[in-house]
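K.L.:
Sharing a structure, written as structure tokens. Questions coming.
The values are calculated or read from the model by the stated rules, or taken from the named source; none is laboratory data. Keep in mind it's a predicted model, so treat the numbers as computed, not measured. Here Cβ is always computed from backbone atoms with ideal geometry, including for glycine, and neighbour counts include all displayed protein chains.
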Amino acid sequence: MLDWLPENVSVFGEGVDHLFRLIYYISIAIFLLVNTIYILFIIRYRRKRKGEKAYHYHGNNLLEFSWTALPFALFLFLAFYSDGIWEDIKYSEKKPNPDLVVEVMGQAYLWHFRYPGSDGIFGRRERRFISPTNPFGVDPEDPNGRDDLTGINTMHIPVNKTILVRLSSMDVIHSFFLPNMRVKQDAVPGQWVDVWFNSVKTGEYEIACAELCGSGHYLMRAVLTVQPQREFDTWIDEQYTNKRVSLASAQATTNE
Amino acid sequence: MEAALHTGHDGHAAGHGHSNSFIRTYVFSTDHKMIAKQFMVTAFIFLFIGGAFALFIRWQLAYPGEPIPVIGTMLPSTWVNDAGAVTAEWYTQLLTMHGTIMIFAVIIPLLVGTFGNFAIPLMIGADDMAFPFLNMVSYWLFPIAGLIMMAGFFMEGGMAASGWTAYPPLSAIASPGQTLWIVSLFLIGFSSILGGVNYITTVLNMRAPGMKMFDLPMTVWAVFITAIIIVIGTPVLASALAMLFMDNFLHTSFFQPENLIVPTRDMSRTAGGGQPLLWQHLFWFYSHPAVYIMILPGMGVVSDVISTFARKPLYGYRAMVFAIVAIAFLGIVVWGHHMFQSGMNPLLGTTFMVSTMVIAVPSAIKTFNWLGTMWRGKMEFTAPMLNAVAFVSMFVIGGLSGIFMASTPVDVFIHDTYFIVGHIHYVLFGGSLFAVFAGLYYWFPKMSGRMYSERLAKWHFWITFVTFNGTFFPMHILGMGGMMRRIYDPTVYDFLKPFQPMNEFITINAMILGFAQLLLIANFAWYWFGGRKAKRNPWRANTLEWQAPSPPPHGNFDRPLHVYRGPYEYSAPESVQDYLPQTTSPEDLVEQRRHHEMRLSQVQQAEHLD
């Protein structure tokens, strides 16, 4: 059954999958144990004649104690064992030094992506500047924001690099879901949340929205392209050139 | 028998005047048994509405965009497109209303409203609830609230469409149907609180003479503890609903940050500055305990049923009571496990993971004690017992799948996928609903005075059991594949395309499952009036309700009661029978034994003469 999990291509995903497998085997063992006893009892302890008496017995404290203590120990172990992996994935003090920062903004029903243009610095943003034409709310006065690259429903990242995604939403709550990276994080309007991951394999992967955001929720699909650094750099340059061209033509139109 | 007079009777009869008018008996009744039946019938109606909604959802998931067979083109144009296929808008309303109806208008009214009302006074030997009028109001708020919720159908934009969890800002900028949803839940909350206050008071003050708290059957314990959770939790939901109502209507911003981009709505008067996560905290502070509101009474009913039909004392009675109390109190501190990926501080995730893992312990205790009860029992597999046995097994699966999502890193992947949908249905259908079936069949003779058809009930059970697993088990696999919940068309995603055959398999099972419930209704409708007359105590059970006539008259008991022992003295050596009612006095017991021995010696003498 474990084969049904989608292929994992991220470093942190290994921790998630490891725990999944561990809990899976524990559950199967408990399930089989309980249900074997259960079915044996059902077969063995049927009433055969009317009025037949059962064993008059009210319980045993030692047994009660042991089936309280054993699950308690098991579940506490699982909690503390899980927590180590959880801290690596989510705790801000474990946040790695990223090779690339991408800002992601959810809008019903698409994903906006923003890269810090050629200067490597994002333009300052504020919630009050957000508008349909300025999804990230970039301060129009800030020169650092002029060369920022924004795009819709396509995300490119270099392979084997640590990516930090800053996540928020323009309207309602969305959830940024990368099945193959084992990443899921709600995008909450009015709040920025950081998630990080590291893809070890190139290819195209799907990005989905996992939180109901309206009737078009199912259409909120984006594509993540993981590529070698060199190809990624080419892609960024292309985007940057396109942006300059379109800016220039826009400039030309206003000048005319 | 010791003449311990049950003082309530005469005063009760005088107080109510025993009016025989149709309206006082069947409509505005203050009799707890009638109110229980009213809850049951109303909940059955909603069960079929909610069930039909589920089948529409399943059809769309298995055959996205294809017309609904037979009835597709007959449905209103706001629901389906010209070809008769479910639209995305209606789909979102369907999933919202399915969840809301099944939780608030089916399971809670059946477990708490029906069994709480029917069983509490009868099982503690009282003539009615402590506050019969309050009880009537508690019922009548429920159909009114149900109608208000369904009225969204006539509004622009249709019924509520933000999911049963109604996360703002989506629910704060929604269509009028959402406002009706809020008002409706607010009223249902009041209904619950009125019922809860009533249950607590009744259990504490109106037990029959001689009945200590630890003589209470598990059903009463469970509903009693549930009532306490309701009284603690529901006001919090009510306050959250009030805030959401104001966000929708009065341009407040409890849950809305500044400058939301909403093209469909004028946001200029909404100041912003609110926090969407606040709703989630308040909502789950009620709605996680609500999961226990929906399972604890079921556990109580199942404990009683298993002990009765195994002819054996409930294993570890006190441990069972303490486990319920533990679940109730831990249940209040685990709400954050719904919010691991919400943007809440991950440190809180760690805390809630630990508390969530710990709450699995009392559930394990209960499971082992049910097994212990069956050990060396003499089990008789009537319909109530079959359903109770299924409950335990399904609850184990629901509990184990819960461990996956309790572990925060695993939850990163399975959160908001069909794994969760599978889990919740194993708990609320495999758990709660099987317990409802067990209880309904168990008390059918007492409620109606007739016997149901055992054959029909067994057909109903087996079809339900098989197709239930066929429907909900594969959902775990869909979840492992990453299929998100609440999506209208999974085929939009390449990684979900391989799962389409499984979606079809689920839908076929779901269809059979849905239609199989007609067997339950047929059994009830026909045998309620036409069944064989039921004896006072057809299951040879110990608890007090079986000392009343079937069906019990207004005021319940026709003879004074005194309680001498706990509810689970099955197969006690001091009794000549395999059961020992709570009301049998020690003197009667001696008398019975003498009688029995005399008869035995007569038989022996007769054999000797031969």
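K.L.:
Here is a check on your reading of the model: is A:V183 among the β-branched types (V, I, T), out of contact with any Pro (no Cβ under 6 Å at 6 or more places or on another chain) and at the interface with chain B (Cβ under 10 Å from one of its Cβ atoms)?
P.N.:
yes
K.L.:
While we're on this one: Out of the residues in the stretch A:195-217 that are among the hydroxyl-bearing types (S, T, Y) and at pLDDT 95 or above, state the one that is surrounded by the most Cβ atoms within 10 Å (Cβ to Cβ). Reasoning before the result, please.
P.N.:
Residues of the stretch A:195-217 that are among the hydroxyl-bearing types (S, T, Y), as a first pass: A:199, A:202, A:205, A:215.
When the remaining residues are screened for being at pLDDT 95 or above, the result is A:202, A:205.
On the way: A:T202: 17, A:Y205: 24.
If we take residues in the stretch A:195-217 being among the hydroxyl-bearing types (S, T, Y) and at pLDDT 95 or above, then A:Y205 is surrounded by the most Cβ atoms within 10 Å (Cβ to Cβ).
K.L.:
Here's a follow-up. I'm trying to understand the selection: among the residues of the stretch A:1-21, which are touching a Leu at 6+ places or on another chain (Cβ under 8 Å) and either modelled with pLDDT under 90 or within 16 Å of B:Y418 (Cα to Cα) (or both)?
P.N.:
Within the stretch A:1-21, A:F20 is the sole residue that qualifies.
K.L.:
Could you list, in sequence order, all residues of the stretch B:307-323 that are within 7 Å of chain A (Cβ to nearest Cβ) and either β-branched (V, I, T) or free of Cβ contacts under 8 Å to residues at least 60 places away in the same chain (or both)?
P.N.:
B:G316, B:A319
K.L.:
Considering only the stretch A:18-60, how many residues are more than 8 Å from chain B (Cβ to nearest Cβ) and in contact with a strand residue (DSSP E or B) (Cβ under 7 Å, 6 or more places away or on another chain)?
P.N.:
0
K.L.:
Hey, could you check the stretch B:477-496 for residues that are within 22 Å of B:T92 (Cβ to Cβ) and assigned to a helix (DSSP H, G or I) and say which is nearest to the other protein chains (Cβ to nearest Cβ)?
P.N.:
So, considering only residues that are within 22 Å of B:T92 (Cβ to Cβ) and assigned to a helix (DSSP H, G or I), the one nearest to the other protein chains (Cβ to nearest Cβ) is B:V492.
K.L.:
Collect the residues in the stretch B:85-117 that are within 30 Å of B:V492 (Cα to Cα), under 18 Å from the mean Cα position of the chain (by Cα) and of a type outside the set (A, V, I, L, M), keeping them in residue-number order.
P.N.:
B:H98, B:G99, B:T100
K.L.:
Specify which of the listed residues (B:S550, B:S571) is at pLDDT 90 or above and on the phi > 0 side of the Ramachandran plot.
P.N.:
Every option except B:S571 fails the conditions.
K.L.:
Out of the helices (runs of 4 or more DSSP H) lying entirely within the stretch B:357-476, which hold 1 or more residues that are out of contact with any Lys or Arg (no Cβ under 8 Å at 6 or more places or on another chain) and basic (K, R)?
P.N.:
Of the helices (runs of 4 or more DSSP H) lying wholly inside the stretch B:357-476, those with at least 1 residues that are out of contact with any Lys or Arg (no Cβ under 8 Å at 6 or more places or on another chain) and basic (K, R) span B:434-448.
K.L.:
Applying the selection to the stretch A:109-161, what residues are surrounded by fewer than 16 Cβ atoms within 10 Å (Cβ to Cβ) and β-branched (V, I, T)?
P.N.:
Listed by number, the residues that qualify are A:I121, A:T133, A:I152, A:T154.
K.L.:
Okay, next question. Say whether the condition of being modelled with pLDDT of 90 or more, assigned to a helix (DSSP H, G or I) and closer than 30 Å to A:M105 by Cβ is met by at least one residue in the stretch B:269-277.
P.N.:
yes
K.L.:
Contact list please: Cβ distance under 6 Å, first residue in the stretch A:223-242 and surrounded by 14 or more Cβ atoms within 10 Å (Cβ to Cβ), second residue charged (D, E, K, R), pairs at least six apart or on different chains.
P.N.:
Listed pairs, sorted by first residue: A:V223/A:E204; A:T225/A:E204.
K.L.:
A follow-up question, please. Could you check the stretch B:516-553 and list, in sequence order, the residues that are assigned to a loop (DSSP other than H, G, I, E, B) and aliphatic (A, V, I, L, M)?
P.N.:
B:A534, B:A541, B:A548
K.L.:
Modelled with pLDDT under 95 and either within 20 Å of the chain's Cα centre (by Cα) or more than 30 Å from B:M480 (Cβ to Cβ) (or both): does that describe B:G422?
P.N.:
no
K.L.:
Among the residues that make up the stretch B:21-30, is at least one of them buried (at least 18 other Cβ atoms within 10 Å of the Cβ) and either closer than 26 Å to B:F142 by Cβ or modelled with pLDDT under 95 (or both)?
P.N.:
The answer is yes, given that some residue of the stretch B:21-30 is buried (at least 18 other Cβ atoms within 10 Å of the Cβ) and either closer than 26 Å to B:F142 by Cβ or modelled with pLDDT under 95 (or both).
K.L.:
Separate question: Give the stretch B:322-345 a look and list any residue that's farther than 30 Å from B:T219 by Cβ and part of a helix (DSSP H, G or I), or say none.
P.N.:
Selection gives B:G336 alone.
K.L.:
Looking only at the stretch A:72-100, which residues are crowded, with 18+ Cβ neighbours inside 10 Å and among the aliphatic types (A, V, I, L, M)?
P.N.:
Scanning the stretch A:72-100 gives A:L78, A:A79, A:I85, A:I89, A:L100.
K.L.:
To continue, here is another question. Return the only residue of B:F429, B:F444 being closer than 24 Å to B:I57 by Cα and touching a residue at least 40 places away in the same chain (Cβ under 8 Å).
P.N.:
Selected residue: B:F429, the only one of B:F429, B:F444 that is closer than 24 Å to B:I57 by Cα and touching a residue at least 40 places away in the same chain (Cβ under 8 Å).
K.L.:
Whether any residue in the stretch B:238-253 is within 13 Å of chain A (Cβ to nearest Cβ), in a loop (DSSP other than H, G, I, E, B), more than 17 Å from B:A160 (Cβ to Cβ) and free of Cβ contacts under 8 Å to residues at least 40 places away in the same chain is what I want to check.
P.N.:
yes
K.L.:
Could you check B:S363 against (1) touching a Pro at 6+ places or on another chain (Cβ under 9 Å); (2) within 23 Å of B:F465 (Cβ to Cβ); (3) in contact (Cβ under 8 Å) with a residue 60 or more places away in the chain and say which number it fails?
P.N.:
Here B:S363 clears every test but (3).
K.L.:
Name the residue that is surrounded by the fewest Cβ atoms within 10 Å (Cβ to Cβ), counting only residues in the stretch B:324-343 that are hydrophobic (A, V, I, L, M, F, W, C) and at the interface with chain A (Cβ under 9 Å from one of its Cβ atoms).
P.N.:
B:M339
K.L.:
Among the residues of the stretch A:219-240, are any among the polar types (S, T, N, Q), modelled with pLDDT of 85 or more, out of contact with any strand residue (DSSP E or B) (no Cβ under 8 Å at 6 or more places or on another chain) and more than 20 Å from A:G203 (Cβ to Cβ)? Reasoning before the result, please.
P.N.:
Going through the stretch A:219-240, the residues among the polar types (S, T, N, Q) turn out to be A:225, A:227, A:229, A:234, A:239.
Checking which are modelled with pLDDT of 85 or more leaves us with A:225, A:227, A:229, A:234, A:239.
Applying the additional criterion that residues be out of contact with any strand residue (DSSP E or B) (no Cβ under 8 Å at 6 or more places or on another chain) yields A:234.
Those still in the list that are more than 20 Å from A:G203 (Cβ to Cβ) too: none.
Within the stretch A:219-240, none of the residues are among the polar types (S, T, N, Q), modelled with pLDDT of 85 or more, out of contact with any strand residue (DSSP E or B) (no Cβ under 8 Å at 6 or more places or on another chain) and more than 20 Å from A:G203 (Cβ to Cβ).
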